[in-house]
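Read the figures in this text as sums done on the coordinates, not as results from a lab. Note that this is a predicted model, so its numbers are computed, not measured. Neighbour counts run over all protein chains shown; Cβ positions are idealised from the backbone, glycine included.
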Amino acid sequence: MTETCEPPAASRPGRDSSVEHGLALAAARRARRERATEELAGRRAARGLEPEAIDETLARLHASGLLDDGRYAQARATALAGRGAGDALIRHALEGSGVPVELVEEALAAIEPERERARAIVARRGWSARTARLLRAKGFDEELIGSLVAGDVDDELR
């Protein structure tokens, strides 16, 4: 379902038309994927919207529910975890998008635990130095990787 937002027929020149233009752009982007507030503000600034128009646009989007950093954090964390990302990589991506730390932590708490995601990768690929490198590159905790190695060795000895 694609949302379109057309400017009003009798839009006033100046700031109001900038806000309406900003809302139209945001609605079109929102139809494609969720965005974080800071990310959207940066995109609006890059398009030349005035800071006051950006602030008003963001306030309207928040008020209407079209812009929600918590929803964005949850969707992005779920997507990254689904692609095999560890908590450090997810945290870095969300904080890089300007999501507040408390929302990052809530999103991480709501997804499958990091240990289970790492175990699934090891089960799929088998244990090897290459798998350990992959887990490191995907942002999994070093201690977790070490414990998986130790657990794998313990399982082989039994």
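Quick rundown of the values:
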quantity: Relative packing of peptides 68-76, 50-58 - highest average C-beta neighbours within 10 Å first; calculated: 68-76, 50-58
quantity: Cβ charges +1 (Lys, Arg) and -1 (Asp, Glu), total dipole of the range 51-103, debye; calculated: 340
quantity: Full-stretch length increase - E116, S128 - with 0.36 nm per residue and alpha-carbon distance subtracted; calculated: 2.6 nm
